[in-house]
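Below you'll find the structure, written out as C-alpha cells, and then a few comments.
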Amino acid sequence: MNERQCLIIAGEASGDALGAELVTALRAEAPWRCLAAGGPRLAAAGARLEVDMMAHAVVGLWEVLKHYPALRRLFDRLLAMARQHLPDLIVLVDYPGFNLRYAAAVKNLVRARRSHFRNWNPKIAYFVSPQLWAWRASRVRQIARDIDLMLCIFPFEQAWYGERAPGLKVEYVGHPMIDRFASRARALEAAKPGEPPLILLLPGSRARECDQHLPILISAAKVIQARHPARWRMVLPNAELARRARSAAGGLPGLEIQVGGLDESLARAKLALASSGTVTMECAFFGVPTMVLYRTSWLTYEVGKRLVRVPYIAMPNLLAGEAVYPEFIQHQAEPGRIAGEALAWLENLARCRQVQEKLAAVVKSLGGGGACGRAARAINRMWPAPP
C-alpha cells in the first residue's frame, strides 16, 4: 500500500493526548505520514509537529473574541499548510469552535478551486463528536456537509446523528480512556493507618481556566484542611500551567504541584475538586468522588446558559442521568459551598461507596478497550482496498 499523508489538528492538551493515540493506531494499521498541529504528545507519537497549538487553547465567547486576531492568523496558517501539503486525510480532534470552521474552509476551498489543486479532495474525519446534543444542534447540517467520517466515543451519539443526519457516516468506537488506563489498578489504594487522605485539585488544562479556578480551589482546600486534614496534590498537564499555579497557589501548606501522572494520582485519591471537562470522566474511571466546578466570563456564561439543552455539564452525570457529582457553576462556585459539600462526602463513607457503584456502571456503559484501533480501521475503510 502506498504511504498516505495525514494532517491532524488538536487544539488543547486532551486532544493532543487523544491525537497521539490515534496516530499510533493509524500507523499500526497502514503506512501513514503524519503532520500535526498540536502538542508534545503528538510529536512523541511520531507526527511531524508543524504548529504548536497548546499556546492557543482558549474557550468561551469572550475569550475567543479577545484572542480573535491571533486565532485568525493561526487559522490562515493552517489553511495554507493544507494547501501546501495536500494531505489525503485531515483528522480534527475535538476543539469544535475552531475545527468545524476549519473543515468548512477546506471543503469550500476544494469546491471552489478543485482544478487548481490537481483535484485534491481530502477526507475529513472528526474524532470525538462535538457535544451537539447539549447545545447548538443546528451544527449537524454543517457537519453532514463538511465531515466525511464522525467518530463517536459515547454510545448514544450514533443514534442521535442517525436521526438528524442519516447520510453522515458515523462510527461509535468507544472511549479511549479505557485503554489509556487499562494498566492501572482500578481499585483505590487504601491509605496507610493514620495517613491523611489524598485530595486532588484539578483546575483545568487551559491557562484561562486555571486563572479562574485556582483561587476558588485553594480557598476551598483551606476550609477543608481546617476541619479534615488531608494531603493535597494539584495535577496539571504541562510545565507552563504548573508555573502559573505555583505563583498563585500560596497559603496551602504541603500542596504538591505535579505535571502529568494524573492516572497514578487518581488511583490513590480519596476525593477530587475538578474543573468540568474530560477530567471528570477520568475521575469516574477511577471511582473518585468529585466536586465539579466551572466559572467563566460573564458574557460566555450568559450566552451559554441560554443555549445549553442538558441538565448537567459533567459527562458522568449525563451518562448516569443524575447528579452523581455535585456541580458548582459560575456564581455557585464559591469556596465555602464547595468545601461544605466535600466535607460532607469525606465524613460519609457509605455515600462515597454508593457513588463509586454508580461510577462503575457509567464506565461499564462505555464498552471495552480498543477505541483508537477501531477509529483507525474506520478511517482506513474510507479508501477501498485494491482489487
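The values are calculated or read from the model by the stated rules, or taken from the named source; none is laboratory data. Predicted model only: the values in this text are computed from it and were never measured. Using ideal geometry, Cβ is built from the backbone for each residue, glycine included, and neighbour counts are taken over all protein chains shown.
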Scan the stretch 313-330 residue by residue and report those that are under 22 Å from residue 200 (Cα atoms) and either in the same structural domain as residue 135 (by TED's automatic domain parsing) or not hydrophobic (A, V, I, L, M, F, W, C) (or both).
316, 317, 325, 326, 327, 330
Subset of the stretch 1-22 (residues that are part of a strand (DSSP E or B) and under 19 Å from residue 129 (Cβ atoms))
8, 9, 10
Filter result for residue 228 (buried (at least 21 other Cβ atoms within 10 Å of the Cβ) and over 22 Å from residue 52 (Cα atoms)):
no
Count - residues of the stretch 296-311 that are under 21 Å from the mean Cα position of the chain (by Cα) and either in a helix (DSSP H, G or I) or at pLDDT 90 or above (or both):
5
Scope the stretch 217-270; condition more than 25 Å from residue 287 (Cβ to Cβ) and polar (S, T, N, Q); matching residues:
219, 238, 247
Restricting to the stretch 330-360, name every residue that is aliphatic (A, V, I, L, M) and touching a residue at least 40 places away in the same chain (Cβ under 8 Å).
333, 338, 339, 342, 343, 346, 355, 359, 360
Residue ranges of helices (runs of 4 or more DSSP H) in the stretch 313-384 with at least 2 members over 21 Å from the mean Cα position of the chain (by Cα):
335-346, 349-364, 371-380
Here's a check for you: in the stretch 1-53, which residue that is of a type in the set (Val, Ile, Thr) and free of Cβ contacts under 8 Å to residues at least 60 places away in the same chain is surrounded by the fewest Cβ atoms within 10 Å (Cβ to Cβ)?
51
